[in-house]
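Undergrad: My structure is below; once you've seen it, I'll send some questions.
The values are calculated or read from the model by the stated rules, or taken from the named source; none is laboratory data. Worth saying up front: this structure is predicted, and the values here are computed from it rather than measured. Please note: Cβ atoms are built from the backbone with ideal geometry, for glycine as well, and neighbour counts cover all protein chains shown.
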Amino acid sequence: MPPAALMDFAEMRQAARRRLPRAIFDYIDRGTEAETAIPALRHGFDSRRIVQRALCDATTPDMSAEVLGRRHPHPIIIAPTALAGLIRYNGEIGMARAAGRAGLPYCAATQASTRIEEIREGAPQAALWFQLYPWRDREETFRLMDRVRDLGIDTLLVTVDTPGSPKKVHNLRNGFSIPLRPNLKLGLDLLRHPGWTLGVMGRYWMTRGLPSFDNYPGEVRTAITRSVSDPRFALETDFRADLMKAIRNRWPGRMIIKGIQHPGDAETALRLGADGVVISSHGGRNLDSLAMPLSVLPEIRAAVGGRLLILADSGVRRGSDIAKLIGAGADAVLAGRAFLWALAAGGEQGVVRMAELLQDELRGFMAFSGMASLADLRRARWIDELPLWQSSPRG
Ligand SMILES: Cc1cc2nc3c(=O)[nH]c(=O)nc-3n(C[C@H](O)[C@H](O)[C@H](O)COP(=O)(O)O)c2cc1C
């Protein structure tokens, strides 16, 4: 189906499911432990309702958002995701190009399968950000940051919410792990999805070799069938002030700390000189029991609102979800899977389409609820009504 014919997140996800091998679909789609966090996020959004203002005109709401001194036409940012290049050939470049066309910032990941230099070159128009997973070796981390700085990228997101490997039984059962260990199940999975196997993996094989964490320096970069064994490039798990101050001192641009839930941590981020925070439960991918951003945002806004940029993510599928996160205290919102499904379903064009859909849905939500601007969403009356039904499969 052409991307223009896909109408919402659920249809994008469905189209992605047909195209992607099961192991990759599950890697993106699923959660951790008993996988209760993802339905809980959905339940949280579905339960929250807005009290409509009707005696007004909000038919053309102002959806623009101020993000660190720049006004963006929409409050949406494409979240950093590892290995997006596994979804489409040169997927990260396609994502960045689409972001440029749609007018959204795109945050490329440390664990991308395309070097940040190539993404920059392939999408010169895009507002590109970079997500940093600090490595154990500080000098190597600085070298990576310097490469990013030298490209003129001025916004660094430092992710601090993943101090270990989340428990994901489904990945192991599907044979999806890094290093990738080919097995019969994975082999059959690939045979059932020849479009992906030939069009993505086959093309890599023929041109640049199997995908890898391409931002890692040459001598440690390995295909996804081998693990990064050099301990200097293990992901840092100690995020105390010493490291964060060192990153702050080294990075001349805007620094945003991703993966904050506690107002005390938001205050620490402010003291450390961060410009913003991302309130996140990592899309329900790290720990089932983490709080939902929707629940913790009001306290964070009370603590640091107006002094720190407050971004939020996790579980965004529709424009109404974006409105609810902004209503709870976010200045703008990131979405991960929505754009990954779109990339799988329709490549660059699919991502542009997803951006349009989210914008249209947000516009509709604001018009129907009588909200003329994003600030109105924060002044609105919201109520939580527990739905007595299950979330519909259309999400
Ligand atoms: C497949 C996948 C890979 C991800 N990889 C990263 C990563 O490398 N770094 C990071 O900070 N967050 C990563 N995330 C988390 C996203 O940045 C974001 O917080 C999350 O996807 C938001 O939830 P959503 O997918 O429901 O929108 C990843 C998410 C997904 C789905």
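Undergrad: State whether the residues of the range 115-131 include one that is among the aromatic types (Phe, Trp, Tyr) and under 16 Å from Glu348 (Cα atoms).
TA: Step one: list which residues in the range 115-131 are among the aromatic types (Phe, Trp, Tyr), which gives 129-130.
Keeping just the survivors that are under 16 Å from Glu348 (Cα atoms) gives none.
No: zero hits.
Undergrad: On the basis of being without any contact (Cβ under 8 Å) to a residue 60 or more places away in the chain and either more than 16 Å from the ligand (Cβ to nearest atom) or closer than 26 Å to Gly209 by Cα (or both), does Arg181 make the cut?
TA: yes
Undergrad: Still on this structure: Whether any residue in the range 264-277 is modelled with pLDDT of 95 or more, surrounded by 20 or more Cβ atoms within 10 Å (Cβ to Cβ) and on the phi > 0 side of the Ramachandran plot is what I want to check.
TA: No, because not a single residue in the range 264-277 is modelled with pLDDT of 95 or more, surrounded by 20 or more Cβ atoms within 10 Å (Cβ to Cβ) and on the phi > 0 side of the Ramachandran plot.
Undergrad: Among the residues that make up the range 31-43, is at least one of them among the β-branched types (Val, Ile, Thr) and surrounded by fewer than 15 Cβ atoms within 10 Å (Cβ to Cβ)?
TA: The answer is yes; a qualifying residue exists.
Undergrad: Just checking, which of Val200, Val158 is surrounded by 15 or more Cβ atoms within 10 Å (Cβ to Cβ), in a helix (DSSP H, G or I) and of a type in the set (A, V, I, L, M, F, W, C)?
TA: One residue alone meets the criteria, Val200.
Undergrad: Oh, and also: Would you confirm, using the coordinates I've provided, whether Arg70 is surrounded by fewer than 16 Cβ atoms within 10 Å (Cβ to Cβ), under 24 Å from Met292 (Cβ atoms) and of a type outside the set (Gly, Ala, Ser)?
TA: No, not satisfied.
Okay, residues lined up against (1) among the hydroxyl-bearing types (Ser, Thr, Tyr); (2) over 16 Å from the mean Cα position of the chain (by Cα); (3) surrounded by 16 or more Cβ atoms within 10 Å (Cβ to Cβ):
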position	(1), (2), (3)
Ala16	no, yes, yes
Arg48	no, yes, yes
Thr60	yes, yes, no
Met63	no, yes, yes
Gly91	no, no, yes
Leu104	no, no, yes
Ala109	no, no, yes
Ser113	yes, no, yes
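Undergrad: Quick one: which residue in Glu66, Glu35 is under 22 Å from Leu386 (Cα atoms), of a type in the set (Asp, Glu) and in contact (Cβ under 8 Å) with a residue 40 or more places away in the chain?
TA: Glu35
Undergrad: Please state which one of Asp146, Asp189 is in contact with a helix residue (DSSP H, G or I) (Cβ under 9 Å, 6 or more places away or on another chain), closer than 29 Å to Arg22 by Cβ, outside any loop (DSSP other than H, G, I, E, B) and away from the ligand (no atom under 16 Å from the Cβ). Write out each step before concluding.
TA: Working: Asp146 fails: closer than 29 Å to Arg22 by Cβ.
Only one candidate qualifies: Asp189.
Undergrad: List every residue pair whose Cβ atoms sit under 7 Å apart, with the two residues 6 or more apart in sequence or on different chains, where the first one lies in the range 358-379 and is more than 13 Å from Thr59 (Cβ to Cβ) and the second, anywhere, is of a type in the set (Ser, Thr, Tyr) and in a helix (DSSP H, G or I).
TA: Pairs that qualify, where the first residue is more than 13 Å from Thr59 (Cβ to Cβ) and the partner is of a type in the set (Ser, Thr, Tyr) and in a helix (DSSP H, G or I), are Glu361/Ser320.
Undergrad: Is it the case that the range 347-365 has a residue that's out of contact with any helix residue (DSSP H, G or I) (no Cβ under 9 Å at 6 or more places or on another chain) and away from the ligand (no atom under 16 Å from the Cβ)?
TA: For the range 347-365, residues out of contact with any helix residue (DSSP H, G or I) (no Cβ under 9 Å at 6 or more places or on another chain) and away from the ligand (no atom under 16 Å from the Cβ): absent.
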